[in-house]
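The next block holds one structure in the form of structure tokens; read it before the comments.
The values are calculated or read from the model by the stated rules, or taken from the named source; none is laboratory data. Quantities reported herein were computed from a predicted structural model and do not represent experimental measurements. In case anyone asks, the SASA skips ligands and DNA or RNA and just uses the protein heavy atoms, side chains included. Shrake-Rupley method; radii C 1.70, N 1.55, O 1.52, S 1.80 Å.
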Amino acid sequence: MRSGDYKPDCSLFPPAQLVYQYSYPGAPGSAMPGGCVTDHTRRLMLLFASHVTLLIAFICVRSSPWTSYSAYSYFEVVTICNLIMILAFYLVHLFRLYRVLTCISWPLSELLHYLIGTLLLLIASIVAASKSYNQSGLVAGAIFGFIASFLCLASIWLSYKISCVTQSTDVTA
């Protein structure tokens, strides 16, 4: 077999079935050659960038005079909770705690956290932008909140790809 002729072993699946390939960081076989390592590196860079932009957004809002207490306290709570959870999931992957704590579905919990956290961050950024009244620090905090929302969405897009692949019906013995 030549080096370019890679054919996966599909003998575990009956022919003509749909196989859902779910890719997430740390999945078995996720370090396959051909781009998975670069996707993981891009994901970590996006998480680091979203972490930095969340921190900048928090600092901008915290150091500015507030025009609406409830809107900006909500923005602060959402940014701090996202910062803490991103750090927690980063530590889980860094120390490979997902191998020890097998009772938790880590890909599902991480996916739900990022979806809910990104949605809450987007709502908080919209509220902060609408209540800023041209205060430069509050406007900058809302803009960095929108940037962090975009970076979190890009990280979700790169991390959790679900594709439907049909198996061939050719059975060669």
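Below is a table of values for the structure above.
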item: Percent accessible area from carbon and sulfur atoms, the stretch 98-148, protein chains only, probe 1.4 Å; result: 74
item: Segment LEU111-ARG96, extension gain: residue separation times 0.36 nm, minus the distance between their alpha carbons; result: 3.7 nm
item: Candidate residues PHE75, PHE144, PHE95: accessible-area rank, largest first, probe 1.4 Å; result: PHE95, PHE144, PHE75
item: Exposure of THR102 as accessible area (Å², to 10), given a probe of 1.4 Å and all protein chains; result: 110
